[in-house]
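Working notes for the structure below.
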Amino acid sequence: MQQEFLPQMSSATAFIDLSGLVNLFDFETKAAQAMSNLAYEYVVSGAADELTLRWNRQALDNLKLNQTVLTDVTKPDTRVTLFGHELLYPILIAPTAYHGIMHPEAELATARGASAASATYVVSSFTTTPLEKIADTATQPLWFQLYVRDDREFTKDLVQKAQALGFQALCVTVDTPVGGVRNREQRINFGLPADVVAPYMLAPGPQKNPLTWKDIEWLQSLVDIPVLVKGIMNPNDAELAIQAGVSGVIVSNHGGRNLDTVPATIEVLPYIAERINGRVPVLMDGGIRRGTDVVKAIALGAKAVLIGKPICYGLACAGAPGVARVLTILREELELAMILLGKASVPAIDRSVLWEKPDN
Ligand SMILES: Cc1cc2nc3c(=O)[nH]c(=O)nc-3n(C[C@H](O)[C@H](O)[C@H](O)COP(=O)(O)O)c2cc1C
Ligand SMILES: CCCCC(=O)C(=O)O
């Protein structure tokens, strides 16, 4: 009998008990069953041999922490301030496309989950839900991620719409003039199902007019909100970003999805932070799955981190509560790590938390 009702419910949300999912990897395992094959292969995909995808994790795992005891930290303060706004903890939702293939409530569930967990949600240009609806739903800050399309008038209208709707920052993705070699997508002949539409995708595929630093200057002239560039992977580009006047830099290799065999983000982060030298905030994403990963990124110069795939998995497993749970688990792990490291606040997290072999 119950079978009859199942099609009306999302097979992804029906009867999922979140209590057994205690870390972000558990969500990935669960999502592999909850998601359609199309959605799972799309999300899990790295470029080519998926080396960078793996290195993002491996490089974080290979960093060791320096335990410090008897420090009297019981309730760490995880707050950070970014562009004049306070975040309760330094973890944002990275922009990921096409939530409509992951859950029937799509980006609205993500927005609800982010709001429930007091997190900032960076909405992808390739959202499958109109920005107005997301803005209506979210009660916590939204940022907008921009893919610049050939039609620059369209792009102008889009960023100005986002600003008018109250999106608080613009992240211009600069690492995707073309998508990477994605064999998993090729094997399943990835495409959006007919009932899932990305309203701002406009002319999918590679664009004819390459994006250059001049466009970054132009984009900044269109809006008053902070403009960040997402996808910086070397100090020279970071310097050019500063010269172009950006308000922030996101160290990202697109979760290993674009150019395979570029280094892990945690590996390049300290060099970029050194070059930026505090002139603008540096954010980072790629492989963050544990509270200790957040600590490591902050120790090496990130002001905050973003998470991509775990949010997709939380969404697919259980909609808004799944998204909220993923964020809350990571936040709680961060708090525990801070206590165990004796760091009472985020700004106090410096390189002393990283283990280095003593000289003597
Ligand atoms: C399914 C998926 C879709 C993505 N879509 C976008 C996108 O639309 N725009 C963008 O700038 N980055 C996109 N990214 C990259 C993420 O913003 C982020 O850089 C990356 O996922 C971070 O690594 P993580 O997944 O290991 O946390 C996407 C990533 C995934 C996994
Ligand atoms: C070609 C980019 C499509 C969306 C995206 O950014 C991703 O899948 O990583």
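The values are calculated or read from the model by the stated rules, or taken from the named source; none is laboratory data. As the structure is a prediction and not an experimental result, all values here were calculated from the model. Neighbour counts are summed over all protein chains in view; Cβ atoms, including those assigned to glycine, are modelled from backbone coordinates with ideal geometry. To get the accessible areas, we keep the full protein, side chains included, count just its heavy atoms, and leave off ligands, DNA and RNA. Shrake-Rupley method; radii C 1.70, N 1.55, O 1.52, S 1.80 Å.
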Please verify whether the stretch 88-101 includes one or more residues that are more than 13 Å from ligand 1 (Cβ to nearest atom), buried (at least 19 other Cβ atoms within 10 Å of the Cβ) and touching a residue at least 12 places away in the same chain (Cβ under 8 Å). yes
For the stretch 157-199: of the residues being surrounded by 16 or more Cβ atoms within 10 Å (Cβ to Cβ) and assigned to a helix (DSSP H, G or I), which is nearest to ligand 2 (Cβ to nearest atom)? Glu185
Confirm whether Arg149 is open to solvent by 20 Å² or more (accessible area, probe 1.4 Å), within 22 Å of the chain's Cα centre (by Cα), in contact (Cβ under 8 Å) with a residue 24 or more places away in the chain and within 29 Å of Ala241 (Cβ to Cβ). no
Name the residue, out of Thr81, Thr71, that is more than 12 Å from ligand 1 (Cβ to nearest atom) and without any contact (Cβ under 8 Å) to a residue 24 or more places away in the chain. Thr81
Test for Leu211: is it within 16 Å of ligand 2 (Cβ to nearest atom) and either over 22 Å from Val262 (Cβ atoms) or in contact (Cβ under 8 Å) with a residue 24 or more places away in the chain (or both): yes
Could you list, in sequence order, all residues of the stretch 1-44 that are modelled with pLDDT of 95 or more, outside any helix (DSSP H, G or I) and surrounded by fewer than 22 Cβ atoms within 10 Å (Cβ to Cβ)? Val22, Asn23, Ser36
When both residues are 6+ apart or on different chains and their Cβ atoms are under 7 Å apart, which pairs have a first residue that lies in the stretch 238-260 and is within 21 Å of Ile225 (Cα to Cα), and a second that is of a type in the set (Phe, Trp, Tyr)? Leu240/Trp213; Ala244/Trp213; Ser247/Phe83
Taking the conditions exactly as written (surrounded by fewer than 19 Cβ atoms within 10 Å (Cβ to Cβ), within 16 Å of ligand 2 (Cβ to nearest atom) and not polar (S, T, N, Q)), does Leu222 satisfy them or not? no
Using the structure shown, decide if Thr176 is polar (S, T, N, Q) and touching a residue at least 40 places away in the same chain (Cβ under 8 Å). yes
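To keep it simple, each residue is scored yes or no on (1) of a type in the set (S, T, N, Q); (2) at pLDDT 95 or above.
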site	(1), (2)
Gln207	yes, no
Pro210	no, no
Ile216	no, yes
Leu219	no, yes
Pro226	no, yes
Ser247	yes, yes
Please tell me if Val80 is surrounded by 18 or more Cβ atoms within 10 Å (Cβ to Cβ), among the β-branched types (Val, Ile, Thr) and over 28 Å from Pro199 (Cβ atoms). yes
Which residues, taken from the stretch 200-219, are hydroxyl-bearing (Ser, Thr, Tyr) and open to solvent by 40 Å² or more (accessible area, probe 1.4 Å)? Thr212
The one condition Gly100 fails out of (1) in contact with a Lys or Arg (Cβ under 7 Å, 6 or more places away or on another chain); (2) within 23 Å of Pro204 (Cα to Cα) is (1)
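Per-residue answers, yes or no, for (1) within 12 Å of ligand 1 (Cβ to nearest atom); (2) touching a strand residue (DSSP E or B) at 6+ places or on another chain (Cβ under 9 Å):
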site: Pro206; (1), (2): no, no
site: Leu219; (1), (2): no, yes
site: Val229; (1), (2): yes, yes
site: Gly308; (1), (2): yes, yes
Residue check for Gly113: more than 20 Å from Asn258 (Cβ to Cβ), surrounded by 17 or more Cβ atoms within 10 Å (Cβ to Cβ) and more than 15 Å from ligand 1 (Cβ to nearest atom): yes
Can you name the condition, by its number, that Glu332 falls short on among (1) assigned to a helix (DSSP H, G or I); (2) farther than 30 Å from Ala106 by Cβ; (3) open to solvent by 10 Å² or more (accessible area, probe 1.4 Å)? (2)
Looking at Ala47 and the list (1) part of a helix (DSSP H, G or I); (2) surrounded by 13 or more Cβ atoms within 10 Å (Cβ to Cβ), which single condition is not satisfied? (1)
Assess whether Tyr121 counts as being over 17 Å from Leu165 (Cα atoms) and either in contact (Cβ under 8 Å) with a residue 40 or more places away in the chain or within 16 Å of ligand 1 (Cβ to nearest atom) (or both). no
